[in-house]
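Step one of this worksheet: look at the structure below.
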Amino acid sequence: MIGLSQSVDVGREARITSRPSAMPPRLNIVILGLSITSSWGNGHATTYRGLVRELTARKHDVLFLERDVEWYASNRDMPKPPYGRTRLYRSVSELKTRYRREIANADLVIVGSYVPEGVIVGEWVCRIAGGVTAFYDIDTPVTIAVLAKKDLGYLSRDLVQKYSLYLSFTGGPILDRIETEFGSPMARPLYCSVDPSMYFPERTCIRWDLGYMGTYSDDRQPGLGRLLMEPAREWKPGRFVVAGPQYPKKIKWTRNVKRFTHLSPARHRAFYNAQRYTLNITRVEMIQAGYSPSVRLFEAAACGTPIISDWWAGLETILEPGKQVLVARSSAEVLRYLKDFTESQRRQIGNNARQVVLEKHTARNRAIEIEQYYQEVAGRRLAVA
C-alpha cells in the first residue's frame with residue numbers, strides 16, 4: 001500500500017516537472033491567507049510573500065486579503081508588501097461587501113488554512129467564484145488528523161469536496177487520502193519555498209556551532225532537547241543558539257545556549273550564515289505524514305548552511321541523507337557531526353543542499369506549479385463541457 005501511494009505521488013511530481021514553464025495567460029488571482037503582513041509566530045507570511053512576489057513577477061494580478069486581527073496588527077514587519085495588492089478586512093461581513101466582485105470575477109481564488117472563520121469564508125467563495133477555487137493547506141497533517149474526527153474552524157469535510165483543488169504543504173500518501181477519504185476533486189503538493197534573493201551564503205563570523213529557529217511547540221520540544229539541549233550540556237565549549245517565541249520560562253537553558261525571542265525575516269539570512277550547522281526539527285504530525293519539508297529547511301539550505309535533521313519519510317525525496325543533509329536520532333550523532341566532520345565535509349554538505357534547493361524549491365518554482373495546477377483544473381472543466 002505504501003509503495004503504491006508513493007508511486008502515485010511520484011506521478012504527480014512527474015507531471016509537474018515534465019511540463020514547460022511557458023507563461024500562461026495573465027491570471028487574476030485572489031488569495032485569502034492567515035497573514036502576509038506579519039511573520040510573528042507563524043510560517044504563513046513568508047510563504048505568501050514569496051508566492052505573491054513571484055506570481056506578480058510573472059505578470060499575474062494578485063490581490064491578498066488578510067483579516068485584521070490584533071495579534072498580527074501589533075507585530076507587522078511588512079505592513080505594506082511591495083508586490084501585488086494587500087488589503088485588510090475586519091469581519092466576514094466587510095469581506096463580502098467590499099471584495100465580492102473581485103472574488104466572483106477572479107480566475108483563481110485561494111483560501112489558506114487557519115484563515116479566521118475559514119469555513120464561512122470558503123463556503124461563500126465556492127458559491128460565488130466563477131473561476132477555479134483552491135484550498136491551500138500549510139498545515140496538512142494537523143488538518144487531516146483533526147478533520148478525521150471533526151470539522152475545523154477553517155475547513156470542513158463538505159468544503160473539501162467543494163474546492164476545485166486542494167494544495168498541500170505535504171506530499172506523499174496523504175494526497176491520495178485527501179482525494180479518496182475526504183473527496184477532494186484534485187489534491188496536489190505545493191511545498192513551502194525559499195526566496196534566493198533573500199537567502200544566500202555570506203562571508204561572516206561564525207558565532208555558533210549549532211542553531212535552531214522555530215516557535216515553541218510541545219511536540220517539537222523533545223526533539224530540541226535531544227538534538228540541541230543535550231549536546232549543549234555534554235559539550236561545554238560548544239556554542240548553541242535557539243531563536244523563536246513562546247518558549248516557557250521554566251525551560252532551563254545552559255550557559256552556552258543563546259536565546260532570541262524573535263527574529264524578523266530580514267535577520268534570518270545572517271542568523272543561518274552565523275552557524276556552522278543548523279538544526280531542523282519536525283512536528284509529530286509532520287513526521288507521521290512524511291513528505292513535509294519546512295520552510296526553515298529550504299532557507300538554511302539556500303544559505304549553504306549544512307543541516308542536521310530528524311528523520312521523516314520522504315526526506316530523501318527532498319535532500320539526500322549523507323550527501324545533502326545529515327540525519328541525527330541522538331545527541332551522540334549530533335556531536336559526531338559537530339566535532340568530527342572536517343571543514344571541507346561541512347561545506348560540501350551545505351553546497352550540495354543549496355544546489356538542489358535553488359533548482360527545485362524556490363518561490364518561482366511554486367508560482368509555476370500554481371499555474372500548471374490551474375491549467376490542469378481548467379483542462380478538466382473543458383473536457384467535461
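The values are calculated or read from the model by the stated rules, or taken from the named source; none is laboratory data. No experiment lies behind these values; they were computed from the predicted model shown. We place every Cβ from the backbone using ideal geometry, glycine too, and count neighbours over all the protein chains shown. When the accessible area is computed, the model is the full protein with side chains, heavy atoms only, and any ligands, DNA or RNA have been set aside. Shrake-Rupley method; radii C 1.70, N 1.55, O 1.52, S 1.80 Å.
Points worth noting:
- ARG100 being without any contact (Cβ under 8 Å) to a residue 24 or more places away in the chain and over 18 Å from ARG26 (Cβ atoms): no
- Filtering ALA266, ALA243 for residues that are of a type outside the set (Val, Ile, Thr) and open to solvent by less than 20 Å² (accessible area, probe 1.4 Å) leaves a single hit, ALA243.
- Between PHE341, PHE298, the distinction of being modelled with pLDDT of 95 or more and either under 25 Å from SER168 (Cβ atoms) or open to solvent by 50 Å² or more (accessible area, probe 1.4 Å) (or both) belongs to PHE298 only.
- Pairs, first of a type outside the set (Val, Ile, Thr) in segment 310-334, second open to solvent by 60 Å² or more (accessible area, probe 1.4 Å) and at pLDDT below 95, C-beta under 7 Å, six or more apart: TRP312/ILE287
- Leading residue by the ranking (least open to solvent (accessible area, probe 1.4 Å)) among those in segment 46-59 that are without any contact (Cβ under 8 Å) to a residue 40 or more places away in the chain and farther than 18 Å from TYR199 by Cβ: THR56
- Filter result for LEU210 (in contact with a strand residue (DSSP E or B) (Cβ under 9 Å, 6 or more places away or on another chain), closer than 24 Å to HIS268 by Cβ and not in a loop (DSSP other than H, G, I, E, B)): yes
- Selected residue (only one of THR254, THR215, THR204, THR282 is over 25 Å from the mean Cα position of the chain (by Cα) and modelled with pLDDT under 95): THR204
- Positions within segment 218-251 being modelled with pLDDT of 95 or more, closer than 16 Å to HIS262 by Cβ and touching a strand residue (DSSP E or B) at 6+ places or on another chain (Cβ under 7 Å), in sequence order: VAL241, VAL242, ALA243
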